[in-house]
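Below is one structure; the comments refer to it alone.
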Amino acid sequence: MMRASALAAVFAAGLSAPSVAHAGAQTYEPLAESLRGRLSAAIADRSVPELQFRVREDGHKWIFEMSRRLEKRIADRRQRLELLRTIHFEAQRAGLDPQLVLGVIEVESNFRKYAVSRAGARGYMQVMPFWTRLIGARHHNLFHLRTNLRFGCVILRYYLDRETGDYFRALGRYNGSVGKPDYPRAVLAAWKVRWGYMGSTS
């Protein structure tokens, strides 16, 4: 796990970090059948997205603040709100901080829905197509908003569990650059500096 002093240095460095996409590619690795089954079940759940806040007013405040920060990247208000609601729902569903997911999206695709990396990763969270074959289905479209975020959040949760909560290594695996510092530092800085939120998110 990263120590507090190391995290502080990462966040300080990120104060002036440019908003440039650094898309990579998750690496294909065979999964045990039991693990494939659990991940497939997580992908297949089709419950209706809704904000998961104990106090409704907290949800309005979160949406308002995140929409304000996102406005320069996504001008259309309806598109911003749909994206934010889906991020919050899928992040909470996977046991992730929604602000972390915003940081991943910023660094992976710079909030471009149809982004494609040189390695072939797709969409907001730059999910590699092999995941649809591994734990999804042929009809899954990684440019579809909710499909992309669901896969991305489930995959990131898998890597966090695999790395016993070590964000630095889990993010490196997500980007296909495990052991290299640039990508984890960029995401951690985006998460805590540009998308940090002091109010309740659940």
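Listing for the model above:
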read-out: Identity of the residue in segment 187-202, in a helix (DSSP H, G or I) and more than 13 Å from the chain's Cα centre (by Cα), that ends up nearest to Gln92 (Cα to Cα); value: Lys192
read-out: Residue list for segment 117-175, filter: buried (at least 16 other Cβ atoms within 10 Å of the Cβ) and at positive phi; value: Gly123, Gln126
read-out: Hits in segment 87-117 (condition: touching a residue at least 40 places away in the same chain (Cβ under 8 Å) and in a loop (DSSP other than H, G, I, E, B)); value: Ala94, Gly95, Leu96, Asp97, Asn110, Phe111, Arg112, Ala115, Ser117
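Each value in this text was obtained by applying a stated rule to the coordinates, not by laboratory testing. Source: prediction; values computed, not measured. Cβ: placed from backbone, ideal geometry, glycine included. Neighbour counts: every protein chain shown.
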